[in-house]
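The values are calculated or read from the model by the stated rules, or taken from the named source; none is laboratory data. Note that the structure is predicted; figures quoted are calculated from it, not measured. Heads up, the Cβs are rebuilt from the backbone with ideal geometry, glycines too, and the neighbour counts pull from every protein chain shown.
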Amino acid sequence: MLTLSLSSDGYEVLTAPGGEEGIETFKGESPSIVLTDIKMPGTDGIEVLKRIKDLNPDAEVIMITGHGDMDLAVEALKLDASDFLNKPIKDDALSVALKRAEQRIAIKNKLKSYTDDLENMVQIATEEVKRRSEFQNKLITTSNDAIIATDEKGTVVIYNQGAEKIFGYARSEIIRKVNIEYLYPQELVSQFAAGLEKGGQVDLSEWREVSIVPRDGETVPARFSGSILYGEDEVVGSVGFFQDLREIKRLQEELIRSERLAATGQTVASLAHYIKNILNGLKGGTYVLNVALDRNNTDKIKDGWAMIERNVERISGLVLDLLAYSKERKPEPENCFPNEIVEEVCALMDGRAREHDIRIVRKSGPWIGEAFMDPRAIHRSLLNLVSNAIDACIFDSTAKKRWLVTVKTAMEKDHMIRFEVADNGIGMDNKTKENLFSSPFSTKGERGTGLGLLVTQKIVKENGGVVTVESKLGKGTSFTILLPYREAQKKATIGG
Amino acid sequence: MAKKVLNVEDDADIRTFVSTIVEEIGHIPILAKDGEEGMQKVRGERPDLIILDILMPKESGIKMYHQLKSDPSLRDIPVVMLSGVSKRTFLRSQVALTEFGDETVPEPEAYLEKPVEPEDLSEMLNKILS
């Protein structure tokens, strides 16, 4: 009777005469809804319910109860029965119960599919997060730049391979163990400390050059940029990026060296010219000397020999300039007296100056005594400048000037000595001034190699100094060299 | 008869060299170290030949040559250019300076490019002075 009712509602109906059979049928057919009597001989409804729920917890089991089965009904509900129907079963009651069962099945299915979807999406999202995190980690670890991040107190929490390379300390020595005040260069420490404390007011983002003192080895030149990090409203930490400039500086130096080499190539033509002149001077000298020896003319012998000597001296100067120009020379400081070196140079040039009515005036700074500097560097640079100053006067066509070359020394602050070579000769126009230090450039025609100033600049730079020039066309020129010095080294005394 | 040969040259070594050669061929060397002194010596000593350098401070050889050839009383003194500057360049410079209008600047007697062999210079001087 029930079967008929159910079939007409469109259900496929399976029946079983008792509990065991019902369970067997359930195993075989897996129906979604089960209707079972509660009271049955043998395996009763409760047992059927339990066993079916074991097999499929999602099966909807509706208990058919009789009068007085209330306790059993409650127990069934506790065991997750979906519903119960009282005998005699009315059609509409049956319909309702079935409908509710179906709804529950539908909800369960939806939930399952949502859960599956959700699990899937979470997995995708997790993988994405993992991928990005791995990517960022890779960025940090493989970056050649040092990336150092700290917490709000300044304790290092990120210290990548790049940092190991620059700072020299291993990660294990630094992470969570060291505060940046022990790691960063001094100039940055105070700024970071201020930033971490006050936030907002400290801008560290502009790239600037710093010097890093690593664990071992030489100071590393680096470029630095950093930031204070915020979460919500408060400071949560900081980050610093350091770019190792050693390679860049090495390439820059190589570039300069190869430019200098190329310039030396350009110079070859003018050098050949210059050398040719010297050779002619030598040839002329030997000619005059030979004639003089033939004639037994002592004065002429002296003249001829002087010609030869002068040109040998010019060759010597040229070779020295070339060597100084093309080789990297490490300064060789020693105890010396800068004012004495100035006097030497002026004495060397006095003769030539006098030939052309030029006076060399010395103004030696009184406080300059003994210093620890490279005397040859000072000598060579000043010699070039004084020679140029004399030439500037010779080439000045202004009538009746009283030509003066002044060589001055003075102490400057920050342990520097200032050497000034000034003349009141022909002066330079802007074009000449601009090209002065850039390449072999000579306004002296056959006489100049163009190397003099370049050599001076190179020597001064190698010794940690700087050269500047002031000039006015027609009025004169002044070259200033600033060189650092150290106190004269005391000789060690042995014994006591 | 010994003639006066003026050498206007800023390089002392070359002055010594030229004056030796002049003496070797039996003449009298007169020296000047730039164009200004050169013109003074020309008017003062009246040389029979001038050996003139071009690249000099104060007054260059170009200017002095032009002055010599524009002065009727000096124009006829033979001038030998002795310079590192090429002949062509020198002549171009003279054209640029010309005040003669239609007249072209007379070319120098000889043009010798430095470096010069002693024999070549003495041969040239002999040719002109005899």
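Some observations on this one:
- Test: A:Tyr287 is within 12 Å of chain B (Cβ to nearest Cβ), at pLDDT below 85 and surrounded by 14 or more Cβ atoms within 10 Å (Cβ to Cβ): no
- Residue count for region A:159-187, restricted to those that are at pLDDT 85 or above, assigned to a helix (DSSP H, G or I) and not β-branched (Val, Ile, Thr): 12.
- A:Glu102 vs. criteria charged (D, E, K, R), touching a residue at least 24 places away in the same chain (Cβ under 8 Å) and farther than 30 Å from A:Gly195 by Cα: yes
- Region A:375-395 residues that are away from every other protein chain (no Cβ under 14 Å), paired with ones that are hydroxyl-bearing (Ser, Thr, Tyr) (beta carbon under 6 Å, 6 or more apart): A:Ser381/A:Thr456; A:Asn384/A:Thr456
- Selection within region B:110-125 - within 11 Å of B:Glu24 (Cβ to Cβ) and under 15 Å from the mean Cα position of the chain (by Cα): B:Leu121, B:Ser122, B:Leu125
- Of all residue pairs spaced 6 or more apart or on separate chains, none has beta-carbon atoms under 8 Å together with a first member in region A:48-74 that is in the same structural domain as A:Thr15 (by TED's automatic domain parsing) and surrounded by 12 or more Cβ atoms within 10 Å (Cβ to Cβ) and a second member that is part of a strand (DSSP E or B) and small (Gly, Ala, Ser).
- Sub-7 Å Cβ pairs linking a first residue in region A:299-312 that is more than 10 Å from chain B (Cβ to nearest Cβ) to a second residue that is surrounded by fewer than 20 Cβ atoms within 10 Å (Cβ to Cβ), at least 6 apart or interchain, are A:Ile301/A:Ala292; A:Ile301/A:Leu293, ordered by first then second residue.
- Extreme residue, modelled with the lowest pLDDT, among residues of region A:408-450 that are touching a Pro at 6+ places or on another chain (Cβ under 6 Å) and outside any strand (DSSP E or B): A:Gly450
- For A:Ala389: the one exception among (1) within 43 Å of the chain's Cα centre (by Cα); (2) under 21 Å from A:Glu344 (Cβ atoms): (1)
- Scanning region B:1-16 for residues that are within 15 Å of the chain's Cα centre (by Cα), facing chain A (nearest Cβ under 9 Å) and either farther than 18 Å from A:Leu279 by Cβ or buried (at least 24 other Cβ atoms within 10 Å of the Cβ) (or both) yields one hit, B:Asp10.
- Residue, nearest to A:Ala488 (Cα to Cα), within region A:397-422, restricted to residues that are within 14 Å of chain B (Cβ to nearest Cβ) and without any contact (Cβ under 8 Å) to a residue 60 or more places away in the chain: A:Trp403
- Yes/no for A:Cys346 being buried (at least 18 other Cβ atoms within 10 Å of the Cβ), in contact (Cβ under 8 Å) with a residue 60 or more places away in the chain and more than 14 Å from every other protein chain (Cβ to nearest Cβ): yes
- Region B:28-48: number of residues that are under 14 Å from B:Met1 (Cα atoms) and away from chain A (no Cβ under 14 Å): 3
- Where helices (runs of 4 or more DSSP H) fall wholly inside region B:1-82, the ranges with 3 or more residues that are in contact (Cβ under 8 Å) with a residue 40 or more places away in the chain and either among the β-branched types (Val, Ile, Thr) or out of contact with any strand residue (DSSP E or B) (no Cβ under 9 Å at 6 or more places or on another chain) (or both) are B:12-24.
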